[in-house]
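The values are calculated or read from the model by the stated rules, or taken from the named source; none is laboratory data. Just so we're clear, the structure is a prediction, and the values are computed from it rather than from any experiment. Cβ: placed from backbone, ideal geometry, glycine included. Neighbour counts: every protein chain shown. Please note that ligands, DNA and RNA were not included when accessible areas were found on the heavy atoms of the full protein model with its side chains. Shrake-Rupley method; radii C 1.70, N 1.55, O 1.52, S 1.80 Å.
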Amino acid sequence: MADKEKQKQGYTSQQIQVLEGLEPVRKRPGMYIGGTGIEGLHHLVWEVVDNSIDEAMAGYCTEINVHLLPDNIIKVTDNGRGIPVDTHPQFKVSALELVLTKLHAGGKFGGGGYKVSGGLHGVGVSVVNALSEWVRAEVKREGKLWVQEYKRGTPQSKVKAEGTARGTGTTIIFKPDAQIFPEIAFNWQTILDHLRQQAYLTKGISLTVIDEREKKAAPYRYGFYFEGGIASFVRFLNHNKEKRHDSIFYASKVQENIGVEIAFQYTNEYKETSHAFANNIYNPEGGTHIMGFRTSLTRVVNAFARKKNYLKEKDDNLTGEDMREGLTVIVSIKVQDPQFEGQTKSKLGNPEVRAIVDAVFSENFEIYMEEHPRDAEAIISKCILSAQARAAAKAARETVLRKGAFEGLTLPGKLADCSSRDAAESELYIVEGDSAGGTAKQGRNREFQAILPLRGKILNVERARIDKILINEQVRNLIIAMGTNIGEQFEIEKLRYGRIIIMTDADVDGAHIRTLLLTLFYRYFPTLISSGHIYIAQPPLYRVSKGKEFHYAFTEEARDQIVQGFLAKKAETAAKSGKADKAKPADTDETDAVEEEAEGDEGVTSIGGITIQRYKGLGEMNAEQLWDTTMNPETRLMKIVSIEDATKADQIFDILMGAEVEPRKRFIQTHAKAVKNLDI
């Protein structure tokens, strides 16, 4: 108590620290870039590129080049106006130094430099400067090349001219600080995907990425230029899908200082693909711009359908849900003062945007429907077909609910439930087959682990409407077990298990079942994935034993290390007993034979007294082994399922599980050599 009282009395103004300049960024980098992992590392690139994109949106920049250089150095160059270098009247330093060393300094905060701007958190290049080992800024303005260099955010000299320069523009070169980022490895594909998206959203800009990290005759070079803007984006998203109509609807207009761009096309898919952007920032949860579009789409289609007699007087209006099936749409707006919900800008909140998007879309879509009668007919027939399927799905859903109530059961008979009713601690294992299900039931902790065995492969929901899904016994059992319902009646609050774990065999069939389940969760329960509720169990591939000692291996590399460890012990024992000449050295090539010999009739081989068992199925383990390796929270390994790139995930599911065969064939041919642990 005396110590606490002393601490109270000692808490004075001297304990209040003020972090100045860029110190707060280095102290708490996660507040500014979301974390110091790989995503945070790449956000440094996005912040610098966003400055150049802002110049392009303002109409002053047409070219942006991003160079990946050796030693983890990034160089971003544009041909915009160039950051001003004259002395700021208030702070008495160069505007360039101000932008690079002061948080929230720039031309985007009401000073008239930009009408609209993007950026992840609005903190810009100063954060890049703070989190880099060094930065070099080069500005071409007024016929001169202006330069300033920094180390961990601190200027090394004043801005100075280094010769003459033609044209205008800005170059930022930086090296991320290893003191901040535990791993510095820029991913080529991640950068390509992000910059492709930015090029789609900024019509007419030329964006080039050059990878110069390795010495070779010609560096990797990829350029993006889309004159069609987001219409090209829709074409890209739909390139593996069967289109419902040929033309892509596109509208672009500035109204009341808000720029609106909308592009869409219907496909014969059963799902909606929608992407919303505000000032080139992706809004995964949509917002007022998407709401305005959907309201207008529903109203205009219904009015046109009645005008052309596709809908009779006795027919009900088509609903918004009917409109969204098979729709691929991009809505992009530019607004001076965007209001976002949350730090990550996941949802746009500007109320005035809704009415403006509604008006712009209505005006242009009505003209489109009149000028493209065949496409209009295809769109309306797709929506009417969706309405019919919705009615069938409603009937199927009611049948499911009635059947559950009639039998006096809310849970499927196959489910071995846990005793806990606390969802936070409860787990549902989805297990392949009755045999593995029986082992899992014996090995589990009944208090918090539930087991649901699946019989065979579930329905591929990528090729089925919800009415077909609901009458599938396997899927229906899973939906009832989870407790969330599905579709518009989905309620995550009713989820009965905090962790839903897919546990399948380590073979081709197991991988297929896992993919089918992931498709179901991604298409119909995406909130479970984004909220971190879906996991994949990692059963071991091998059990390596010698005498009474044994170890489990989850990879072939781990198996070989265990074998080498046993052989080393054997050699050491032999050496101590004077029999070293009869013992093989620890680096023996005996492990080379494991790959060939371990695939015998029983999946078991013996090398030098070491037994290696290859587990091809969960049923090959007894209940104790399954618990120790795969189900015990203290020892198990699990992968959490997440979505890093929604667009890319959508395309992968289309390729792997969709109706089109040719894209899937190309995917398999491209990636076949990268497959490991393939059991046929």
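Rounded to the nearest 20 Debye, what is the dipole magnitude of the chain about its Cα centre when Lys and Arg each give +1 and Asp and Glu each give -1 at the C-beta?
My answer is approximately 840 debye.
Per residue, how much accessible area does the chain show when a 1.4 Å probe rolls over the protein heavy atoms, in square angstrom?
Per residue, the chain has an accessible area of 50 Å².
If you place +1 on the Cβ of every Lys and Arg and -1 on the Cβ of every Asp and Glu, how big does the dipole about the Cα centre of the stretch 51-108 come out, in debye to the nearest 20?
Dipole about the Cα centre, nearest 20: 220 debye.
For Gln255, list long-range residues whose amide hydrogen, built 1.01 Å from N in the peptide plane, is under 5 Å from its own amide hydrogen.
The answer is Val260.
Would you be so kind as to identify which of Val300, Ile356, Phe340 lies farthest towards the positive end of the dipole of the stretch 240-373, taking Lys and Arg as +1 and Asp and Glu as -1 on Cβ and the Cα centre as origin?
My answer, from the dipole projection, is Val300.
Quick one: net charge around Phe361, please, counting Lys, Arg +1 and Asp, Glu -1 for every other residue with C-beta under 13 Å from its C-beta.
0
Is the C-alpha gyration tensor of the chain telling us rounded, prolate or oblate? Criteria: a/c under 1.5 is rounded; beyond that, a/b larger than b/c is prolate, otherwise oblate.
Taking the square roots of the gyration eigenvalues as a ≥ b ≥ c, the chain is oblate.
When the accessible area of the chain is split by element with a 1.4 Å probe, what percent falls to carbon and sulfur?
Answer for the chain is 50 percent, counting heavy atoms of protein chains only.
Take the alpha carbon gyration tensor of the stretch 410-523, find the square roots of its eigenvalues, order them as a ≥ b ≥ c, and report rounded if a/c is under 1.5; if not, report prolate when a/b exceeds b/c, else oblate.
oblate
Net charge near Thr298: determine it from the other residues with C-beta under 12 Å of the C-beta of Thr298, scoring Lys and Arg +1 and Asp and Glu -1.
Net charge around Thr298: 0.
Quick one: Karplus J couplings for the stretch 205-221, per residue in order, coefficients 6.51, -1.76, 1.60, θ = phi - 60°, nearest Hz, x for Gly and Pro?
8, 9, 10, 10, 10, 10, 9, 10, 6, 10, 6, 8, 4, 9, x, 4, 9
Between Asp71 and Asp507, with labels modelled 7 Å along Cα→Cβ, what's the label distance in nm to one decimal, could you check?
It works out to 5.3 nm between the two label points.
What does the C-alpha gyration tensor say about the overall shape of the stretch 298-390? Classify as rounded when a/c is under 1.5, otherwise prolate if a/b is larger than b/c, or oblate.
prolate
How long are the semi-axes of the equivalent ellipsoid of the stretch 204-298, defined as square roots of 5 times the Cα gyration tensor eigenvalues? Whole Å, largest first.
Equivalent ellipsoid of the stretch 204-298: 31, 19, 13 Å, largest first.
Once phi is turned into θ = phi - 60°, what whole-Hz ³J(HN,Hα) does the Karplus curve with 6.51, -1.76 and 1.60 give for every residue of the stretch 151-168, x standing for Gly and Pro?
Calculated HN-Hα couplings, in order: 10, 6, x, 9, x, 8, 6, 6, 4, 9, 8, 10, x, 9, 8, 9, x, 9 Hz.
Under a point-charge model restricted to the Cβ atoms of Lys and Arg (+1) and Asp and Glu (-1), what is the dipole moment magnitude of the stretch 153-298 relative to its Cα centre, in debye to the nearest 20?
Magnitude of the dipole: close to 360 debye.
Using DSSP to call loops (not H, G, I, E or B), can you name the GluC sites (Glu not before Pro) in the stretch 303-364 whose Cβ has at most 13 other Cβ atoms within 10 angstrom?
Filter output for the stretch 303-364: Glu313.
Projected onto the charge dipole of the chain (+1 at Lys/Arg Cβ, -1 at Asp/Glu Cβ, origin at the Cα centre), which of Ile492, Phe554, Gly82 gives the Cα projection farthest towards the positive end?
Looking along the dipole axis, the top candidate is Gly82.
Report the calculated FRET efficiency for Gln538 and Leu192 (r = Cβ-Cβ distance, R0 = 25 Å), to the nearest 0.05.
The pair Gln538/Leu192 has a calculated efficiency of 0.25.
If you filter the stretch 244-339 for trypsin sites (Lys or Arg not before Pro), then keep DSSP loop positions with at most 14 other Cβ within 10 Å, what is left?
Passing sites in the stretch 244-339 are Lys308, Lys312, Lys314.
Sort 26-35, 443-452 for me by packing, meaning the mean count of neighbouring Cβ atoms within 10 Å per residue, highest on top.
Top of the packing list down: 443-452, 26-35.
With unit charges on the beta carbons (Lys and Arg positive, Asp and Glu negative) and the dipole taken about the Cα centre of the chain, which residue among Leu637, Ala440, Phe186 sits farthest to the positive side?
Comparing the listed Cα positions along the dipole, Phe186 ranks first.
Sort 491-502, 532-543 by packing, meaning the average of other beta carbons within 10 Å per residue, with the highest value first.
532-543, 491-502
Between Gly287 and residues 5 or more places away or on another chain, which pairs have amide H atoms under 5 Å apart, with H built 1.01 Å from N, and which residues are they?
Those lying under 5 Å, H to H, from Gly287 are Leu348.
Output the pairs from Lys151/Lys216; Lys548/Lys569; Lys92/Lys158; Lys203/Lys345; Lys616/Lys648; Lys75/Lys203 with a Cα-Cα distance over 20 Å in this structure; if there are none, say none.
Lys151/Lys216; Lys203/Lys345; Lys616/Lys648; Lys75/Lys203
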